[in-house]
Amino acid sequence: GFYRDAAVDMVERYCGVRLAPCEGLVFQSEYLPLQIDLGVWPLTAISEVAWIDSAGEGQIGEAGDWRVVRRDTIALKPGRPQAHDVAAGVTITFNAGYTDGNRPAALVEAVKRFAAYLHTHRDAAGDGTMQGDIPPGVRQLCRPYRMPVI
């Protein structure tokens, strides 16, 4: 229901993860560096890398030229040519998310605890008296999975 969906959304946003497989996620930028932090993990596939060249024409690069180097970061594979004449409008389409077989139990528990917290404090949330902080137990469960903020 509502509390579960809200808790899933909170954990995904708080940790920068997708708790279920998601296809067709899109990252947009004005340039194409050799390494890109997509901001969502775990990455499972790069579907397309596209950009607009200096003539205003759409170009599509080889998705297979890229590899996952960290949980949310892709980089050009060694020996692959860097895209040239990238003027603007870079779009990277990718898939990310855990499956039933590899979803961390701690994140599942964090969702359950936060859903219970929302249900328990439902009157405070409705009248605006809720503090808006994430309960310490939920934060503790999520901590190892959060994206570092520098």
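Between the helical axis of 105-120 and the dominant principal axis of the chain, each derived from Cα atoms, what acute angle in degrees is found, rounded to the nearest 10? Orientation of helix 105-120: about 50 degrees from the principal axis. Subtracting the Cα-Cα distance of Ala55 and Ala88 from 0.36 nm times their residue separation leaves 10.8 nm of extension gain. Taken along the Cα-to-beta-carbon direction at a fixed 7 Å, the label points for Val26 and Ala106 span 3.4 nm. The angle separating the long axis of helix 2-15 from the principal Cα axis of greatest extent in the chain is about 50 degrees. The residues of the chain have, on average, 59 Å² of accessible surface per residue, using a 1.4 Å probe with all protein chains present. Once volume of the Cα convex hull per residue in Å³ is worked out from the coordinates, which option in (i) 146; (ii) 104; (iii) 134 does it equal? Working out volume of the Cα convex hull per residue in Å³ from the coordinates points to (i).
At a Förster radius of 25 Å, what calculated FRET efficiency corresponds to the Cβ-Cβ distance of Arg4 and Asp123, to the nearest 0.05?
Step by step, r from the Cβ atoms, then E = 0.85.
Counting only protein heavy atoms and a probe of 1.4 Å, the accessible surface of region 5-150 is 51% carbon and sulfur. For the chain, the dipole from Cβ point charges (+1 on Lys and Arg, -1 on Asp and Glu) about the Cα centre works out to 800 debye, to the nearest 20.
The values are calculated or read from the model by the stated rules, or taken from the named source; none is laboratory data. Just so you know, these numbers come straight off a predicted model, no measurement behind them. With ideal geometry, Cβ positions are generated from the backbone for all residues, glycine too; neighbour counts draw on all protein chains shown. Protein only, heavy atoms only, side chains kept; ligands, DNA and RNA dropped before computing areas. Shrake-Rupley method; radii C 1.70, N 1.55, O 1.52, S 1.80 Å.
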